[in-house]
């Protein structure tokens, strides 16, 4: 019973295999106990070696999917439509959590959500990443609004701009981004990334377009 209470206390955080073994140090066969907790629904697997507390114990205190995204594959930060929705730049609710990583592209289908990862090269990868507070004990690495827009363009196959008209159509009509929010973006920061960025000419047109709004 003490073990279950301890799991309840940790329900808002992802649990690694190493962390669980530490909690089970009084058991002769900790791995067998982990399998028992999984069978009984007290733990849910996200991927090999990473778990969350099951619905019967978490009392609604499940880790935020943005936090989980950072842990399922690292290094990574949440971006693209997920970050755009978080920053209220697009109206759609996003059900798939998309992140950037320096590793190979991956996808993980879990009981919580589908987590996808797209690859970016350094040093561009490291620009525009914020640590955001999701709850009192939950923080996640997330693209700034500016970086999420840039990442969307950089990772979209065939997405190149030759005019500000085309860039505006993409932002406002295709992506349905909020113009008032676009006007308040820090385009000066984006300009500092351009030299190291993929598709830098298209990103420059995007910046000029936003400055014109």
Q) Can you tell me how many residues in segment 76-100 are over 13 Å from residue 145 (Cα atoms), over 8 Å from the mean Cα position of the chain (by Cα) and either surrounded by 20 or more Cβ atoms within 10 Å (Cβ to Cβ) or free of Cβ contacts under 8 Å to residues at least 12 places away in the same chain (or both)? A) 1
Q.
So for segment 131-153 (the condition being out of contact with any helix residue (DSSP H, G or I) (no Cβ under 7 Å at 6 or more places or on another chain), modelled with pLDDT of 95 or more, surrounded by fewer than 18 Cβ atoms within 10 Å (Cβ to Cβ) and over 30 Å from residue 11 (Cβ atoms)), does at least one residue qualify?
A. no
Q: Evaluate segment 77-85: report whether one residue or more is modelled with pLDDT under 95 and touching a helix residue (DSSP H, G or I) at 6+ places or on another chain (Cβ under 7 Å).
A: no
(Q) Condition check: surrounded by 14 or more Cβ atoms within 10 Å (Cβ to Cβ), assigned by TED's automatic domain parsing to the domain that holds residue 175 and touching a residue at least 24 places away in the same chain (Cβ under 8 Å). Does residue 43 satisfy that? (A) no
Q.
Can you confirm whether residue 30 is over 26 Å from residue 175 (Cα atoms), touching a residue at least 12 places away in the same chain (Cβ under 8 Å) and either out of contact with any strand residue (DSSP E or B) (no Cβ under 7 Å at 6 or more places or on another chain) or surrounded by fewer than 18 Cβ atoms within 10 Å (Cβ to Cβ) (or both)?
A. no
Q. Given the conditions (1) touching a residue at least 40 places away in the same chain (Cβ under 8 Å); (2) assigned to a loop (DSSP other than H, G, I, E, B); (3) over 21 Å from residue 85 (Cβ atoms); (4) within 21 Å of the chain's Cα centre (by Cα), which single one is not true for residue 161?
A. (4)
Q) What pairs come up if the first residue lies in segment 196-208 and is assigned by TED's automatic domain parsing to the domain that holds residue 150, the second is in a loop (DSSP other than H, G, I, E, B) and surrounded by 15 or more Cβ atoms within 10 Å (Cβ to Cβ), and their beta carbons are under 7 Å apart, counting only those six or more places apart or on different chains? A) 202/161; 203/197; 205/161; 206/161
Q: Tally the residues that are within 15 Å of residue 128 (Cβ to Cβ) and either touching a residue at least 24 places away in the same chain (Cβ under 8 Å) or surrounded by 15 or more Cβ atoms within 10 Å (Cβ to Cβ) (or both), restricting the search to segment 165-190.
A: 5
Q) If you go through segment 109-129, how many residues are surrounded by fewer than 16 Cβ atoms within 10 Å (Cβ to Cβ) and touching a residue at least 12 places away in the same chain (Cβ under 8 Å)? A) 6
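The values are calculated or read from the model by the stated rules, or taken from the named source; none is laboratory data. Every value quoted in this text rests on a predicted model; they were computed, and no experiment measured them. Note: ideal-geometry Cβ built from the backbone for every residue, glycine included; neighbour counts use all protein chains shown.
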